[in-house]
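The values are calculated or read from the model by the stated rules, or taken from the named source; none is laboratory data. All values derive from a computational prediction rather than experimental measurement. All Cβ positions, glycine included, derive from the backbone under ideal geometry; neighbour counts span all protein chains shown.
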Amino acid sequence: MDNVLIRKATPADQLTIRAMVRAARLNPINLRWPNFVVADDGGHVVGAGQLRPYGDGSRELASLAVIPIYQRLGIGGRIVRQLLADQRGPIYLMCEHTLEGYYERFGFRAIEGRALPKTMARMHRMGNLLMSVGSWLSRQELRISAMRWEGDKPSP
Ligand SMILES: CC(C)(COP(=O)(O)OP(=O)(O)OC[C@H]1O[C@@H](n2cnc3c(N)ncnc32)[C@H](O)[C@@H]1OP(=O)(O)O)[C@@H](O)C(=O)NCCC(=O)NCCS
């Protein structure tokens with residue numbers, strides 16, 4: 001997958017970004033191309049991720065998605081590293097709890113939901129309320145974890 005290029009998004013990527021985030025069933029709010037980097041295989045966008053800014057100045061690593069046939073080839077990791085390059089913490093994220101270990105390898109650490117900035121904390125509470133209904137219906141633990149990155153450099 002060395003031929004897959006990680007680059008800043010352009011206006012031409014906007015529709016593809018929306019479609020990918022929708023297909024991955026991720027939060028569809030605030031998907032603006034200037035905040036994204038994409039993975040590009042010969043002109044085809046196969047992955048994306050963003051630093052989503054909030055009105056209070058906080059930032060969330062969000063909308064990370066790689067199309068299924070390109071998954072588990074390191075592309076998601078390259079997108080995360082590119083998004084964190086030259087950034088200072090804190091950067092927050094919310095993810096399915098099974099992905100905590102994945103994000104730990106980039107330096108994110110799990111935190112209490114109430115330690116999130118206000119808007120994200122509200123979304124986290126609402127998300128987990130829905131998840132508790134889903135857990136009850138599916139009889140498996142579904143939970144959204146909150147994580148924070150303080151600027152520790154990801155391991156190579
Ligand atoms: C999560 C996602 C972005 C990872 O991208 P990727 O390019 O496949 O990831 P990488 O190749 O960098 O890393 C692969 C590792 O991710 C971890 N991983 C991927 N999906 C996982 C999942 N659903 N649960 C737990 N770990 C997962 C595994 O540790 C995997 O390592 P392995 O192949 O040795 O088991 C991708 O699977 C995806 O698009 N998923 C659907 C959308 C989504 O859930 N996004 C996350 C939003 S918080």
**Request:** Test each condition in (1) loosely packed, with under 12 Cβ neighbours inside 10 Å; (2) at positive phi; (3) at pLDDT 95 or above for residue 68 and report the one that comes out false.
**Result:** (2)
**Asked** Looking at the stretch 100-123, which of the residues that are within 15 Å of the chain's Cα centre (by Cα) and assigned to a strand (DSSP E or B) is farthest from the ligand (Cβ to nearest atom)?
**Response** 109
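Going by the structure shown, is residue 42 away from the ligand (no atom under 14 Å from the Cβ) and either free of Cβ contacts under 8 Å to residues at least 12 places away in the same chain or closer than 24 Å to residue 2 by Cβ (or both)?
Numbers: away from the ligand (no atom under 14 Å from the Cβ): yes; either free of Cβ contacts under 8 Å to residues at least 12 places away in the same chain or closer than 24 Å to residue 2 by Cβ (or both): yes.
When the stated conditions are applied, residue 42 passes them.
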**Prompt:** Looking only at the stretch 83-99, which residues are within 12 Å of the ligand (Cβ to nearest atom), surrounded by 13 or more Cβ atoms within 10 Å (Cβ to Cβ) and over 12 Å from the mean Cα position of the chain (by Cα)?
**Reply:** 97
**Prompt:** Could you say whether any residue in the stretch 56-73 is within 12 Å of the ligand (Cβ to nearest atom), over 20 Å from residue 16 (Cα atoms) and within 14 Å of the chain's Cα centre (by Cα)?
**Reply:** yes
**Fill in**
Checked against (1) touching a residue at least 60 places away in the same chain (Cβ under 8 Å); (2) charged (D, E, K, R); (3) under 22 Å from residue 30 (Cα atoms), residue 150 satisfies every condition except (3)
